[in-house]
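Everything below concerns the one structure shown next.
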Amino acid sequence: MSMTILGIDPGLASCGYGVVRVDSHKHLAYGTHGCIRTSSTEPLAARLVTIYAALEDVIAHHGVTDICCEDIFFAKNTRSALLVSRVCGIIALLAGRSSLPFAEYTPLQIKQATACYGRADKSQVMHMVQLLLHIPDVKLNDHEADALAAAVCHAHSYSG
């Protein structure tokens with residue numbers, strides 16, 4: 001069974017996404033990536049609509065079959081985590097309205113699936129994503145790399 005996975009690194013100001021294709025032999029192939037940016041001067045509802053609509057377009061244009069995202073990691077800034085949780089909510093809503101399977105993975109799970117080390121730093125994850133997807137010359141920001149890493153994690157976690 002082949003899949004087209006939309007991985008998402010949820011964020012309100014910068015929401016990274018990446019598409020990874022998986023063939024019936026579990027070979028990974030790079031699809032696309034990007035970062036949806038919203039302005040803090042916009043109302044929250046408008047920012048969420050922007051993210052929702054952009055991800056809806058990615059799903060339609062790339063034949064997405066599965067959606068996954070990085071689970072919220074509560075750290076220093078509670079306000080920031082609460083805003084990101086709203087983005088996670090619209091991602092889950094988008095998956096539900098699109099009738100697509102949805103999964104969330106912790107940063108530890110994603111790092112283990114891509115870099116084989118749960119405490120890997122961002123540069124190690126980015127390097128491994130580029131190696132696994134055969135895209136060494138593609139420039140990725142942290143959000144895009146994290147989104148592609150989530151998609152790789154989902155591909156490795158799928159047991160079908």
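The values are calculated or read from the model by the stated rules, or taken from the named source; none is laboratory data. No experiment lies behind these values; they were computed from the predicted model shown. No Cβ is skipped: glycine too gets one built from the backbone with ideal geometry, and neighbour counts run over all protein chains shown.
Some notes on this structure:
- Of everything listed in (1) of a type outside the set (Phe, Trp, Tyr); (2) crowded, with 23+ Cβ neighbours inside 10 Å; (3) under 16 Å from Thr65 (Cα atoms), the single unmet condition for Pro10 is (3).
- Applying the criterion of being part of a loop (DSSP other than H, G, I, E, B) and β-branched (Val, Ile, Thr) to the residues of the range 134-160, the residue that is modelled with the lowest pLDDT is Val138.
- Some residue of the range 60-72 being at pLDDT 85 or above, within 19 Å of Arg37 (Cβ to Cβ), surrounded by 13 or more Cβ atoms within 10 Å (Cβ to Cβ) and in contact with a helix residue (DSSP H, G or I) (Cβ under 9 Å, 6 or more places away or on another chain): yes
- For the range 32-57, the set of residues classified as crowded, with 21+ Cβ neighbours inside 10 Å and under 28 Å from Pro136 (Cα atoms) consists of His33, Ile36, Ile51, Leu55, listed by residue number.
- On the stretch given as the range 61-116, residues that are part of a helix (DSSP H, G or I), more than 16 Å from Cys15 (Cα to Cα), over 16 Å from the mean Cα position of the chain (by Cα) and hydroxyl-bearing (Ser, Thr, Tyr) total 1.
- When residues in the range 73-87 are screened for being within 24 Å of Val152 (Cβ to Cβ) and either at pLDDT 95 or above or among the hydroxyl-bearing types (Ser, Thr, Tyr) (or both), 2 of them pass.
- Selected residue (only one of Asn141, Asn77 is without any contact (Cβ under 8 Å) to a residue 40 or more places away in the chain and polar (S, T, N, Q)): Asn77
- On inspection, Ile135 does not qualify as under 30 Å from Ala46 (Cβ atoms) and out of contact with any helix residue (DSSP H, G or I) (no Cβ under 6 Å at 6 or more places or on another chain).
- The number of residues in the range 123-160 being among the aliphatic types (A, V, I, L, M) and either under 14 Å from Ala29 (Cβ atoms) or surrounded by fewer than 16 Cβ atoms within 10 Å (Cβ to Cβ) (or both) comes to 10.
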